[in-house]
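Colleague: Pasting a structure here, questions to come.
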Amino acid sequence: MRKFLVVLDDSRECLNAMRFAAMRASHTGGGVAVLSVIPPDEFNHWIGVGEVMREEARERIHAHFEVFAKWMRDKQHVDPELIIREGDAVPEIIAHVQGDPEVGVLVLGAASDKKGPGPLVTQLTKNSGSLPIPITIVPGDLSKERLEAIT
């Protein structure tokens with residue numbers, strides 16, 4: 001089964017990327033994989049403190065994921081999977097794409113402010129020529145109705 005890989009982070013544009021991935025998966029019989037990357041610099045403390053912080057980060061990710069997963073299951077009839085990796089975001093995303101042959105499309109949300117589309121979109125589009133899959137970039141300010149119309 002082809003999966004849409006979407007990155008879960010704290011950005012506003014993440015919401016539209018999640019919606020797009022779930023709607024496309026629902027309409028095409030695909031799946032959704034939600035990837036969240038815990039940055040390594042969060043754990044450069046003492047070993048015990050780092051372990052507690054790592055566990056708290058995982059709990060936050062699971063809670064955030066469950067909000068999206070419930071909507072995907074209830075509204076789009078898609079049961080997403082959660083992947084958590086640790087490291088720098090771009091190399092971890094690339095490693096996951098290269099390591100999972102079922103991932104068919106990487107879905108990213110683009111910020112709609114004047115600062116640009118965001119660091120993930122900027123960095124991953126620079127690497128897009130070496131990825132084995134296409135990247136879909138979803139504008140962060142698209143309405144739900146517009147997303148439904150284009151998916």
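The values are calculated or read from the model by the stated rules, or taken from the named source; none is laboratory data. These figures come from a predicted structure and were not determined experimentally. Using ideal geometry, Cβ is built from the backbone for each residue, glycine included, and neighbour counts are taken over all protein chains shown.
Each row is one residue, and each column tells you yes or no for (1) modelled with pLDDT of 95 or more; (2) surrounded by fewer than 16 Cβ atoms within 10 Å (Cβ to Cβ); (3) assigned to a helix (DSSP H, G or I).
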site: Phe20; (1), (2), (3): yes, no, yes
site: Val34; (1), (2), (3): yes, no, no
site: Glu55; (1), (2), (3): no, yes, yes
site: Glu59; (1), (2), (3): yes, yes, yes
site: Met72; (1), (2), (3): yes, no, yes
site: Arg85; (1), (2), (3): yes, yes, no
site: Ser112; (1), (2), (3): no, yes, no
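Colleague: Let me ask something else. So which of Val121, Val49, Val67, Val97 is of a type in the set (Val, Ile, Thr), assigned to a helix (DSSP H, G or I) and over 17 Å from Val7 (Cβ atoms)?
Modeller: The unique qualifying residue is Val49.
Colleague: Under 6 Å by Cβ, and 6 or more places apart or on different chains, what pairs join a residue from the stretch 14-42 that is among the polar types (S, T, N, Q) with one that is part of a strand (DSSP E or B)?
Modeller: That search, which allows pairs on different chains as well, returns Asn16/Gly109; Asn16/Val138; Ser36/Ile84.
Colleague: How many residues does the stretch 36-53 contain that are closer than 14 Å to Asp9 by Cα and at pLDDT below 95?
Modeller: 2
Colleague: Shifting gears a bit: For Arg58, state whether it is within 19 Å of Cys14 (Cα to Cα) and basic (Lys, Arg).
Modeller: So Arg58 fits the description; yes.
Colleague: Okay, next question. Tell me which residues, restricted to the stretch 87-104, are over 22 Å from Ser26 (Cβ atoms), in contact with a helix residue (DSSP H, G or I) (Cβ under 7 Å, 6 or more places away or on another chain) and surrounded by 18 or more Cβ atoms within 10 Å (Cβ to Cβ).
Modeller: Those that are over 22 Å from Ser26 (Cβ atoms), in contact with a helix residue (DSSP H, G or I) (Cβ under 7 Å, 6 or more places away or on another chain) and surrounded by 18 or more Cβ atoms within 10 Å (Cβ to Cβ): Ala89, Ile93.
Colleague: Here is a follow-up. What number of residues within the stretch 102-119 satisfy the criterion of being within 21 Å of Glu81 (Cβ to Cβ) and in contact with a Ser or Thr (Cβ under 8 Å, 6 or more places away or on another chain)?
Modeller: 5
Colleague: Okay, moving on. Suppose we filter Ser112, Ser11 for residues that are closer than 21 Å to Ser143 by Cβ, of a type in the set (Ser, Thr, Tyr) and within 17 Å of the chain's Cα centre (by Cα); which single one remains?
Modeller: Result: Ser11 is the single residue among Ser112, Ser11 that is closer than 21 Å to Ser143 by Cβ, of a type in the set (Ser, Thr, Tyr) and within 17 Å of the chain's Cα centre (by Cα).
Colleague: Mind listing whichever residues of the stretch 9-18 are in a loop (DSSP other than H, G, I, E, B) and either closer than 16 Å to Val105 by Cβ or among the hydroxyl-bearing types (Ser, Thr, Tyr) (or both)?
Modeller: Ser11
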